[in-house]
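For reference, the structure is listed below as structure tokens.
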Amino acid sequence: MFTAQNYVMASSLEEAYTLNQKKANAILSGGCFLRLSKKRIHTLIDLSALSLDQIEEFDEEFRIGAMVTLRDVETNDALRASFGDGFYEMVRHIVGVQFRNCATIGGSLAARFGFSDILTFLLALDCEVELAHAGRMPLCEYAAMKPDRDVLVYLYVKKNGRRAVYQTVRQTKTDIPVLACAVSVLNGEYRAVVGARPARAMAVSFDPVDPDWISKTVDAFSFGSNMRASEEYRRHLAVVLLTRAYNAIREG
Ligand SMILES: Cc1cc2nc3c(=O)[nH]c(=O)nc-3n(C[C@H](O)[C@H](O)[C@H](O)COP(=O)(O)OP(=O)(O)OC[C@H]3O[C@@H](n4cnc5c(N)ncnc54)[C@H](O)[C@@H]3O)c2cc1C
């Protein structure tokens with residue numbers, strides 16, 4: 001467990017950003033991952049008072065505050081109406097309901113975990129993030145950046161009709177994924193995302209008209225071995241999960 005000398009409930013984004021520039025300080029969101037560390041934090045910066053716990057629907061996009069919990073996106077009717085079971089599938093294996101009531105979208109994206117279900121599914125949709133200092137940028141750009149000291153404020157999810165299916169395999173029900181895959185389509189253009197390779201999720205386009213699409217798509221990703229699975233097994237799973245996701249999209 002970490003220790004912290006000071007605690008500040010930030011009263012503005014500017015204050016949160018300024019405090020977070022010091023390496024010894026840290027933002028506290030759900031605290032679920034942070035609490036596993038043994039960090040000696042100088043000042044904990046709490047974002048709870050910044051009204052970032054809302055899911056707002058606009059004509060062209062959803063705006064999801066950084067403090068929205070995984071449980072909020074799992075059970076939100078408007079997200080379900082636009083994206084079917086996608087958000088539910090993205091989080092339903094993550095530990096348990098009590099945990100998902102604490103862990104946030106902001107903490108999940110900012111940490112850019114290599115095992116992230118969340119990053120994998122969201123990269124299949126058309127998303128942007130808004131940072132306190134750097135402003136708005138595509139999620140794929142943010143996901144590829146090294147962790148920095150900016151504050152993630154919002155996630156935007158475009159309502160452009162893209163359909164996405166998420167597939168994952170775990171050794172046990174609530175463990176982190178052995179592999180995470182998503183396939184999406186918009187206007188006949190397909191995208192495949194593979195995460196927990198065990199590296200950070202990455203997206204590539206593919207053309208299912210090509211008879212070799214699955215082997216070419218899987219070859220576009222690198223896979224590795226760790227205590228959960230070998231590189232060969234992950235490669236094999238990628239073929240199975242991407243094919244299943246593609247078939248599910250075709251079948252509607
Ligand atoms: C036991 C366990 C099992 C898990 N299993 C899974 C799993 O199967 N799949 C999966 O996808 N995820 C999994 N996770 C990750 C989890 O879903 C959350 O992503 C994680 O807990 C971080 O969310 P949080 O709100 O608790 O962030 P915190 O723990 O509060 O913060 C995490 C890090 O991000 C920084 N941070 C937080 N918010 C912001 C912000 N707005 N801007 C900038 N930096 C910020 C913090 O300073 C900290 O360094 C697991 C986590 C744990 C502890």
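The values are calculated or read from the model by the stated rules, or taken from the named source; none is laboratory data. Note that this is a predicted model, so its numbers are computed, not measured. Cβ: placed from backbone, ideal geometry, glycine included. Neighbour counts: every protein chain shown. Please note that ligands, DNA and RNA were not included when accessible areas were found on the heavy atoms of the full protein model with its side chains. Shrake-Rupley method; radii C 1.70, N 1.55, O 1.52, S 1.80 Å.
Observations on the model:
- Relative contact order, percent, segment 102-197 [alpha-carbon distance under 8 Å, six or more residues apart]: 31
- Once the 1.4 Å probe is applied to the protein heavy atoms, segment 3-48 comes out at 63 Å² accessible per residue.
- Segment 28-169: relative contact order in percent, alpha carbon pairs under 8 Å with at least 6 residues between: 27
- Ranking PHE121, PHE115 by solvent-accessible area of protein heavy atoms (1.4 Å probe, all protein chains present), from largest to smallest, gives PHE115, PHE121.
- Equivalent ellipsoid dimensions for the chain as semi-axes, Å, which come from the Cα gyration tensor, largest first: 31, 21, 16
- Among PHE99, PHE87, PHE58, residue whose mean-square fluctuation peaks in a GNM of the chain (springs only between Cα atoms under 10 Å): PHE58
- Residue-wise HN-Hα couplings along segment 227-235, as the Karplus relation 6.51 cos²θ - 1.76 cosθ + 1.60 with θ = phi - 60° gives them from phi, are 4, 8, 6, 8, 4, 4, 5, 4, 4 Hz; Gly and Pro carry x.
- Spin-label proximity, ALA81 to segment 39-75 - amide N less than 19 Å from point 7 Å beyond Cα toward beta carbon: 54-65, 72-75
- Only protein atoms count toward the accessible area here, which uses a 1.4 Å probe; on the chain, the carbon and sulfur part of that area reaches 50 percent.
- Rounded if a/c under 1.5, otherwise prolate or oblate - segment 117-252, Cα gyration tensor axes: oblate
- Reducing segment 57-118 and segment 161-219 to their Cα centroids gives an inter-centroid distance of 18 Å.
- Cα-based reach from LYS38 at 26 Å (exclusive), listing lysines while leaving out same-chain residues under 8 positions away: LYS22, LYS23, LYS146
- Helix-only CD estimate at 222 nm, as mean residue ellipticity for the chain, using -39500 (n - 2.57) per DSSP H run (n ≥ 4): -8500 deg cm²/dmol
- Given the chain, longest segment not containing exposed loop GluC sites (Glu not before Pro) (DSSP; at most 12 other Cβ within 10 Å): 61-250
- For segment 50-158: rounded, prolate or oblate by the Cα gyration tensor [a/c cutoff 1.5]: rounded
- Overall dimensions of segment 17-63 as given by Cα atoms, namely Rg and Dmax in Å: 14.3, 44
- In the chain, Cα pairs under 8 Å separated by at least six residues give a relative contact order of 16 percent.
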